[in-house]
1. For Ile487, work out the one condition from (1) surrounded by fewer than 23 Cβ atoms within 10 Å (Cβ to Cβ); (2) part of a helix (DSSP H, G or I) it doesn't fulfil.
2. Quick check, is Ala332 in contact (Cβ under 8 Å) with a residue 40 or more places away in the chain and either small (Gly, Ala, Ser) or not in a helix (DSSP H, G or I) (or both)?
3. Please give the number of the condition Ser334 fails out of (1) open to solvent by 40 Å² or more (accessible area, probe 1.4 Å); (2) under 20 Å from Gly347 (Cα atoms).
4. Go through region 81-95 and give me each residue that's surrounded by fewer than 24 Cβ atoms within 10 Å (Cβ to Cβ) and out of contact with any strand residue (DSSP E or B) (no Cβ under 6 Å at 6 or more places or on another chain).
5. Filter region 177-211 down to the residues that are in a helix (DSSP H, G or I) and within 15 Å of Ala239 (Cα to Cα), then identify the one that is nearest to the chain's Cα centre (by Cα).
6. Exactly one of these conditions fails for Gln558: (1) more than 14 Å from Gln515 (Cβ to Cβ); (2) open to solvent by less than 30 Å² (accessible area, probe 1.4 Å); (3) at pLDDT 85 or above; (4) assigned to a loop (DSSP other than H, G, I, E, B). Give me its number.
7. Hey, among Val101, Val114, Val124, Val105, which residue is closer than 15 Å to Leu235 by Cα, of a type in the set (Val, Ile, Thr) and either open to solvent by 40 Å² or more (accessible area, probe 1.4 Å) or under 25 Å from the mean Cα position of the chain (by Cα) (or both)?
8. Which of (1) out of contact with any Asp or Glu (no Cβ under 6 Å at 6 or more places or on another chain); (2) buried (at least 24 other Cβ atoms within 10 Å of the Cβ); (3) not aliphatic (A, V, I, L, M) is the odd one out, the single condition Phe50 does not satisfy?
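The values are calculated or read from the model by the stated rules, or taken from the named source; none is laboratory data. Just so it is clear, the model here is predicted, and its values are computed rather than measured. Heads up, the Cβs are rebuilt from the backbone with ideal geometry, glycines too, and the neighbour counts pull from every protein chain shown. When the accessible area is computed, the model is the full protein with side chains, heavy atoms only, and any ligands, DNA or RNA have been set aside. Shrake-Rupley method; radii C 1.70, N 1.55, O 1.52, S 1.80 Å.
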Amino acid sequence: MAHALPELTLPQMLRERARRDAARVAIRQKDYGIWKPYTWAQYHLRACHFGQGLAALGVAAGGHVGVISENRIEWVLAQMGAGLIGAITVGVYPTSPTPEVAYVVGHADIEVVVCEDQEQTDKVLAALPELPRLKKIIVVETKGLRSFAPEVRALIATFDEVERLGAQTGAGAAIDAALARQSLDDIGLMIYTSGSTGKPKGAMISWRNMRGVVPGIVERLGLSHETTHLSYLPLCHVAEQMLTTFVPVYLGSQVNFGESIRTVQEDLREVAPTMFLGVPRIWEKLHAAISIKMQETGRLRRRLFERALRACAPLAEKPRRDWSALERLTYALSYWTVLRALQNFIGLRRAQVALTGAAPIAPAVVRFFRTLGVPLVEVYGLTESTGMVTGHLRDRVVVGTVGPVIQGVQYRIAPGGDALGGELQLKGEMVFAGYYKNPEATAQAIRDGWLHTGDVVREEGGQIRIVDRLKDIMITAGGKNLTPSEIENTMKGSPYIKECIVVAEGRKFVGALVQIESETVGKWAEAQRIPFTHFRSLVEHPQVRALIDGEIRKGNAQLADVAHIRRFHLLTKELDHDDGEVTATMKVRRASIYQTYAAEIEALYA
């Protein structure tokens, strides 16, 4: 399959796609409840206009253009427009507070930044004294945009104004000349890592990296030009980039941008995509939503649901081609009585493949959705590997693993590991070019051409099993090695537990900080007629503690004795990005949480 891709950069391929499939729909965007289609010709033309507008504002080849926005067509128009003139796009999480925005925009040497609305514009304006290289702020949503002082107004342009400016300059010849100079080894994108253990690092992704990862993704997931995708996870993350820009441009498949990240479930039902990507938190929320629906339904329906789950559970990991006639009949009965309605409820009845990745997930959650008939597979990749490098084979899913490596990836498992496993190391065209302005970190990550992932893995029957991050493995006071993610993800298989942060390093036993899934626990409490007024009063109720204690005991039953959680503390507030407790991608910042809750942790061991 690798030879089938043209030797073209992503912007060169966009031009080619506009020539081949001019009238086919590339993107649909929902505005004010109506889905508006954009063809490949329109996508390319608008990107050309925006790129030429950037050039008119002084952005040269190699210049840096930032984007701070939720997913929408203007995000990819800015990215492709920058690529068409040889500039580099840098995404910034729209959920980032002002200090994080200031750090990324400043560190990345961004000259022009595209802001979605007033909120994002204000973050950049608040950081202006720290951003000497910033020349222009381009605002997408001007509705409600307040008036600015003259000196600030001179810095601001609207997205429409920049497109019109580019259209007036006759973009064609200049862009063709820029594309003629473009090489696969040029940097096209910078993606900042989550920064869970320090300041985010800017991973430089070349056009060759993007092209190198696509064939393996397409082959493993069974994608085609007929594939449809709902784009909603942040485009400043490599997982969404690979399915919204890399694959669709090379493959000619369709992307749908919903109204907002808050309308994902409604948008899913309307789009009914053939492919869906959800980080573990999304699958956990869908799991919780189904649990709530079952709590609210009548006794008969609840019994039918429980019976269908029991009947179809053995089929979760069994390829359909191997189902017996009785198993096919069992599934058909369950499908028409229960499962079809639930698949419609979550909008995934037409999904030919569904993915979970970017963080570990509880095996119980994967089995739950596969039992429902959702073809969920687990994939693995890093920013530094330009996305997905392993994934379940669709006809052989081994829950708890992330499948074999994809086409084009060389791998090895570092020798000298203990019984837990060794570090996974990767080589191939998808290995990133290095960290921006950080040669020391680059030298640490890439040694002799091999990317050191920092993840401890085992290979079992050709399947890769992720044990944990190398830096996260804990040693108890008794000298036992523990993988906290295994314990945490087992507990998060409960619809009542949102986060579990294990404490075990140097301790006599495993303790944990637990955050409840407030919506599910709240519905349970209402059904039990437990009075509560806010999050803290819910958490502190003795019956809620008893509920979570029971869920922890269920989780412990799936773990070795040494990994059992003996004591836990229920957090009385949600973990918060603004408080530095989680990253923009909702990864837990262990060091920060251990420091914030030091007294509560010590009380567990008192």
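1. For Ile487, the failing item is (1).
2. Details: in contact (Cβ under 8 Å) with a residue 40 or more places away in the chain: no; either small (Gly, Ala, Ser) or not in a helix (DSSP H, G or I) (or both): yes.
When the stated conditions are applied, Ala332 does not pass them.
3. The one condition Ser334 does not meet is (1).
4. Answer for region 81-95, where residues must be surrounded by fewer than 24 Cβ atoms within 10 Å (Cβ to Cβ) and out of contact with any strand residue (DSSP E or B) (no Cβ under 6 Å at 6 or more places or on another chain): Tyr93, Thr95.
5. Once the filter is applied, the top-ranked residue is Met210.
6. Every listed condition holds for Gln558 apart from (2).
7. Result of the check over Val101, Val114, Val124, Val105: Val114.
8. Single failed check for Phe50: (1).
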